[in-house]
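Structure first, commentary second.
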Amino acid sequence: MKIAELFYSLQGEGSLVGVPSFFIRTSGCNLRCAWCDTPYTSWRPEGTELSLEQILDEWRAHRARHVVVTGGEPMIAPEIVPLTNRLREAGAHITIETAGTVAPPVACDLMSISPKLANSTPPAGAEGGWAARHERLRIQPGVLAELMRRYEYQLKFVVQGAADLEEVRALVCQLGAPAERVILMPEGVSPEVLRERSLWIAEACKEEGYRFSPRLHVDLYGNRRGV
Ligand code: SF4
C-alpha cells in the first residue's frame, strides 16, 4: 500500500479525541478539498509502498490498541479490506477517517465520516479540472446511508462559516442522523483561526444538540506532519 506516514499520537478529532492511537495514513484521494491539510496525500500524493506485514510490525512496536486509518481517502486504497481484517484479527480498535464517497467491506469499529461541504470545493480553474470533479463526488447520499447502516459511526463536519450550518442541517435531516452523532469541527491550521471559529461553532452545537470537536493535534503540536 502507498503509505504517506505511520505515527503514534493522540487522536485529535471526534468522539475519541485524546485517545493514544497509531495512525496509518494512506496516500491518494478521490477529492481535492480547497483547504486540504494533507495535500501530500491528495493534490501531490507522496508515499512509500509498504507491505501489510511492514505496517502491522510498525503498529505492534507501539502497543496501541487504537488504530486510526486515515488519508487521503483510505477507503480507495487497494488493500484497505485485508489491512483492516488483519488489524481486527490482531485485536485492534479501528477508526476509519473517510469522506464517505465509497463503501468497500472493511472491518471497522468507528466509521468517522466527514462529508465534504461546499466550502471544500476548489475554485473554478483549479488544476486537473478538479473543481467540477470534486463538486460532483463530494456528497454521495446512498454511500453515506450505507456506511451509517453498516457501522458504528460519527458524522464530522469541517466548518468555516455560518453559511455551512444550513448545509449541515439539510444533510443531517436527509440522512436521518440523530444530533448526537453529528460533530462540528472548525476548519483551520493555526491556533488563532481555530479559536475564533471554535467560539461560535460551540454556540451552534449548544443550539442544535451537536457535539463540538477541537483539533487537539494542532493545538498541541501545530500544523505539521507525523502528529
Ligand atoms: S478528502 Fe481529505 S485528504 Fe482528500 S482532499 Fe479532502 S481533506 Fe484532503
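The values are calculated or read from the model by the stated rules, or taken from the named source; none is laboratory data. In this text the structure is predicted, and so the values were computed from the model without any measurement. With ideal geometry, Cβ positions are generated from the backbone for all residues, glycine too; neighbour counts draw on all protein chains shown. Protein only, heavy atoms only, side chains kept; ligands, DNA and RNA dropped before computing areas. Shrake-Rupley method; radii C 1.70, N 1.55, O 1.52, S 1.80 Å.
Right, residue 78: touching a residue at least 60 places away in the same chain (Cβ under 8 Å), farther than 23 Å from residue 173 by Cβ and surrounded by fewer than 16 Cβ atoms within 10 Å (Cβ to Cβ) or not? Against the criterion (touching a residue at least 60 places away in the same chain (Cβ under 8 Å), farther than 23 Å from residue 173 by Cβ and surrounded by fewer than 16 Cβ atoms within 10 Å (Cβ to Cβ)), residue 78 qualifies.
Within the group 118, 103, which residue is surrounded by fewer than 16 Cβ atoms within 10 Å (Cβ to Cβ), of a type outside the set (Ser, Thr, Tyr) and touching a helix residue (DSSP H, G or I) at 6+ places or on another chain (Cβ under 9 Å)?
Values: 103 fails: surrounded by fewer than 16 Cβ atoms within 10 Å (Cβ to Cβ).
Result: 118 is the single residue among 118, 103 that is surrounded by fewer than 16 Cβ atoms within 10 Å (Cβ to Cβ), of a type outside the set (Ser, Thr, Tyr) and touching a helix residue (DSSP H, G or I) at 6+ places or on another chain (Cβ under 9 Å).
Within segment 44-60, the set of residues being under 18 Å from residue 224 (Cα atoms) and surrounded by fewer than 17 Cβ atoms within 10 Å (Cβ to Cβ) comprises 44, 46. For segment 89-100, the tally of residues that are out of contact with any strand residue (DSSP E or B) (no Cβ under 6 Å at 6 or more places or on another chain) and open to solvent by 30 Å² or more (accessible area, probe 1.4 Å) stands at 3.
The residues on offer are 21, 112, and the sole one that is modelled with pLDDT of 95 or more, in a strand (DSSP E or B) and within 16 Å of the ligand (Cβ to nearest atom) is 112. In segment 176-227, of all residues being under 18 Å from the mean Cα position of the chain (by Cα) and among the aromatic types (Phe, Trp, Tyr), the one that is most open to solvent (accessible area, probe 1.4 Å) corresponds to 212. For segment 56-71, a residue qualifies if it is touching a residue at least 40 places away in the same chain (Cβ under 8 Å) and either closer than 24 Å to residue 100 by Cα or in a loop (DSSP other than H, G, I, E, B) (or both), and the qualifying residues are 64, 66, 67, 68, 69, 70, 71.
Restricting attention to segment 143-166, which residues are within 24 Å of residue 75 (Cα to Cα) and part of a helix (DSSP H, G or I)? Result: 143, 144, 145, 146, 147, 148, 149, 150.
Out of curiosity, is residue 94 more than 16 Å from the ligand (Cβ to nearest atom), part of a helix (DSSP H, G or I), closer than 26 Å to residue 223 by Cα and among the β-branched types (Val, Ile, Thr)?
Values: more than 16 Å from the ligand (Cβ to nearest atom): yes; part of a helix (DSSP H, G or I): no; closer than 26 Å to residue 223 by Cα: yes; among the β-branched types (Val, Ile, Thr): yes.
So residue 94 does not fit the description; no.
Can you name the residue in segment 27-78 that is β-branched (Val, Ile, Thr) and within 7 Å of the ligand (Cβ to nearest atom) and, of all such residues, is modelled with the lowest pLDDT? Give the steps one after another, and end with the answer.
The initial filter retains those residues of segment 27-78 that are β-branched (Val, Ile, Thr), namely 38, 41, 48, 55, 67-70, 76.
Checking the rest, the ones that are also within 7 Å of the ligand (Cβ to nearest atom) come to 38, 41.
Working: 38: 95, 41: 98.
Looking at residues that are β-branched (Val, Ile, Thr) and within 7 Å of the ligand (Cβ to nearest atom), I get 38.
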